[in-house]
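First the structure, in the form of structure tokens, and then the observations on it.
The values are calculated or read from the model by the stated rules, or taken from the named source; none is laboratory data. Quick caveat, the model's predicted, so the values are computed rather than measured. All Cβ positions, glycine included, derive from the backbone under ideal geometry; neighbour counts span all protein chains shown. Please note that ligands, DNA and RNA were not included when accessible areas were found on the heavy atoms of the full protein model with its side chains. Shrake-Rupley method; radii C 1.70, N 1.55, O 1.52, S 1.80 Å.
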Amino acid sequence: MCGIVGYIGTRDAGPILMDCLKRLEYRGYDSAGVGVIQEDRLELRRSAGKIAELERVLGQRPVRGRAGIAHTRWATHGRPSAANAHPHSDCASSVAVVHNGIIENHRPLRRALESQGHRFGSQTDTEVIPHLIESRQGEIETATQEAVRELEGDYALGIISRRDPGKLVAVRSGGPPLIVGFAPDGLFLTSDASAILPYTREVLSLEEGEMAVLSGEGVRLATFDGRTVDRSPTRVPWDAETAQKGGFPHFMLKEIWEQPRAIRDTCGGRADLEAGEVRLADLGLEAGALARVRRIVLVACGTSWHASLVGKHVLESLCRVPVEVDVASEYRYRPPIVDPETLTVAISQSGETADTLGAVRESRSRGSKVVAVCNVVGSSLARESDGVLYTHAGPEIGVASTKAFTSQLAALDLLAIHLGRARGTLSPDSARALLRELADIPRLAGDLLGRADALLEIGSTLRTSASVLYLGRGIQYPLALEGALKLKEISYIHAEGYPAGEMKHGPIALIDRTVPVVAIAPQGRLYEKTLSNVEEVKARDGRVIAIASEDDREIAGKADHVFRLPRTSELLLPILTALPLQLLAYHAAVLRGCDVDQPRNLAKSVTVE
Ligand code: F6R
């Protein structure tokens, strides 16, 4: 999704902005641009396609200046092109604006501005903003303040102007995040802290309805109606090194291999094995309040939604409380049945997903307490929730979520054990036994990854398939959905996840030797039933890739390929099942020559509806 960077200080802004912009490439984009105040002129350079193309343009027509803004755009209004790329400017080329989000009322605004004689050069919703500012008098912050009063929608803006060449103005309203960074030789603006980490880790997030003026005098923070805000910067816990590839060919592969560490860090310091308790310092809910919860609603999108579906099984098993799972974009418009006795748990890697934030606001407006399971400290979701359970996966750069997913599963296991203890549905002994098994998962995940070479060969058998079916039952059904999502998003092979028992109700019609079936069939309560489903596939000449238990002797005779999982509790096993599914998708995609870290049409953080 779109990315913003800005710089004002004592150094040449151009190279700094380009360096920061490259660190936003992982988010997915289709055009890019940069704008700099050069002497008394505003210089804009924009191009469609990758940042390398923008660099080529800058090579031919360089820019120099001490204040600038830059942007990676993911097309919403108007196709990807140089004209639609940000920054956008006004008729007199005096103001430049970069924008994340959507201006809902851009059409009437544009019509009104055009009738006043303003000329537009793009199809974007953004371009109304510089024209609105142009039509206001006074200092840039006053003109901006007046202009944004006209806007409806969610937006984060970075603005520079010839009127006030020593200022960079930042505005946030609604979803998209915006962060100010404090470095010794200048001030930064960004929508994603990882873009500016080589320069500073001291950051300040703008809240909704706030505006910041960055200048040689420092940062002036105020609300839209002019009230001064006094807030101290915080320190980002990641460094720039942590956000790089570390010798792996792709971020996705690095992140798959980081999972033992990510799960260990997520559980670390929280599980009290002696007491059979879980300590969740920031949950924001006392044991008494947890005991009174009569219903839980889990809301999330995409891979985080799959984590929620696994979470439902674990929470219902350990806490004996009804759990409902909803896709956030559906939940927020239903209207949902939620009350103060319902606990809402919102799950999001980024903490900036617009639909998940919308669902949280919906729940809170109906009196429900909200706990966020989130990977980004200080994200909008963390700030808007009553409590937070951070996953400590570290920055996830690959667009396809991997280590954030398994860390979410571990966090939900912790939450369920904590809740089960608070509600008296889980004994200290059972909690202790589960926590011991959870503490051993990183070791088992490391061993499994050590045997992962076999998945290259199995993944290569998927490479030429037009369609792949993933089957699972019970707590493994969400893993079938997740395996299918991973494959389709990075390899562009059509894939579907199904509860294995549903096969005979329709999808079995698809089975022939050209449609591989990935059967998640670990031993456990539903093993025999899943095995029958595998036999149904074989009886129709289907090719089966089985993800099975290490000591399962039967499966080898029924499947074409078998990848084996170590033994652990059935409730915790999905964490391990995820790994071979991620690697199957990764290898198939790499062998097809796909850009696994930045799949087409996808964005890392979906901050618009
Ligand atoms: C898939 C993927 C997406 C995200 C979804 C929610 O690999 O990454 O489906 O899971 O966009 O994002 P978060 O978790 O940041 O709310």
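For the chain, the residue among Trp257, Pro177, Thr461 whose Cα projects farthest onto the positive side of the dipole built from Cβ charges is Thr461.
Under 18 Å of direct C-alpha separation, and excluding same-chain neighbours fewer than eight residues apart, Lys604 reaches these lysines: Lys22, Lys50, Lys245, Lys254, Lys403, Lys486, Lys488.
The smallest convex shape that holds all Cα atoms of the chain, its convex hull, gives 154 Å³ per residue.
Shape class for the stretch 208-329, computed from the alpha carbon gyration tensor (a ≥ b ≥ c): oblate, with a/c not under 1.5 and a/b at or below b/c. A simple charge model with +1 on the Cβ of Lys and Arg, -1 on the Cβ of Asp and Glu and nothing else charged puts the dipole of the chain at about 560 debye relative to its Cα centre. Per residue, the stretch 123-215 exposes 28 Å² of solvent-accessible protein surface, assessed with a 1.4 angstrom probe and all protein chains in place. Of all DSSP-defined beta bridges confined to the chain, some 60% are antiparallel rather than parallel. A convex hull fitted to the Cα coordinates of the stretch 25-133 yields 98 cubic angstrom per residue. With respect to the chain, whose longest principal axis is taken over its alpha-carbon atoms, helix 13-22 is tilted by about 20°.
Taking θ as phi - 60° and the Karplus parameters 6.51, -1.76 and 1.60, the scalar couplings of the stretch 363-369 work out to 4, 5, 5, 9, x, 7, 6 Hz in sequence order, x denoting glycine and proline. Dipole magnitude for the stretch 187-307: computed about the Cα centre from +1 point charges on Lys and Arg Cβ and -1 point charges on Asp and Glu Cβ, it is near 340 debye. Taking the Cα centre of the stretch 117-226 as reference, the dipole from Cβ charges on Lys and Arg (+1) and Asp and Glu (-1) amounts to some 320 debye. Taken along the Cα-to-beta-carbon direction at a fixed 7 Å, the label points for Ala289 and Ala556 span 5.4 nm. Between the helical axis of 527-538 and the longest alpha-carbon principal axis of the chain there is an angle of about 80 degrees. Report summary: the helix-based calculation at 222 nm, which adds -39500 (n - 2.57) for every DSSP H run with n ≥ 4 and divides by the residues of the chain, gives -10500 deg cm²/dmol. What the Cα atoms of the stretch 245-315 give is an Rg and a Dmax of 16.4, 49 Å. Of the trypsin sites (Lys or Arg not before Pro) found in the stretch 499-531, the ones in coil according to DSSP and having at most 15 other Cβ atoms within 10 Å of their Cβ are Arg513, Arg525.
The loop-placed trypsin sites (Lys or Arg not before Pro) in the stretch 422-497, going by DSSP, that have at most 16 neighbouring Cβ atoms within 10 Å of their Cβ come out as Arg451, Arg463. By how many nm would the segment from Lys538 to Thr142 grow when fully extended, if each residue of separation counts as 0.36 nm and the alpha-carbon distance is taken off? Difference between extended and current length: 135.5 nm. On the chain, 48 percent of the accessible area sits on carbon and sulfur atoms, based on a 1.4 Å probe. For the stretch 82-138, applying the loop criterion from DSSP together with a ceiling of 13 other beta carbons within 10 Å to the trypsin sites (Lys or Arg not before Pro) yields Arg119.
Against the chain, whose longest principal axis comes from its Cα atoms, helix 403-423 is set at around 70 degrees. Counting only the Cα atoms, the stretch 153-289 fills a convex hull of 204 Å³ per residue. Taking all protein chains into account, the per residue accessible area for the stretch 1-113 stands at 36 Å² (1.4 Å probe). Here the simple spin-label model places points 7 Å from the Cα toward Cβ, and for Cys91 and Ser365 these points are separated by 3.9 nm. Size estimate for the stretch 440-578 follows the Kirkwood approach: the inverse of mean 1/r over distinct Cα pairs works out to 14.9 Å.
Note: relative contact order over the chain, using C-alpha pairs below 8 Å and six or more positions apart, is 12 percent.
Once you reduce the stretch 90-109 and the stretch 268-284 to the center of their Cα atoms, the two points are 48 Å from each other.
Here's the list of aspartates and glutamates a cross-link from Lys538 could span, going by alpha-carbon distance under 12 Å and ignoring same-chain residues fewer than 8 apart: Asp512, Asp560. Modelled this way, with points 7 Å down the Cα-to-C-beta line, the labels at Ala222 and Arg451 are 6.5 nm from one another. Dipole orientation for the chain: of the candidates Pro522, Gly3, Leu412, Pro522 has the Cα lying most toward the positive pole (charges on Cβ; Lys, Arg +1; Asp, Glu -1).
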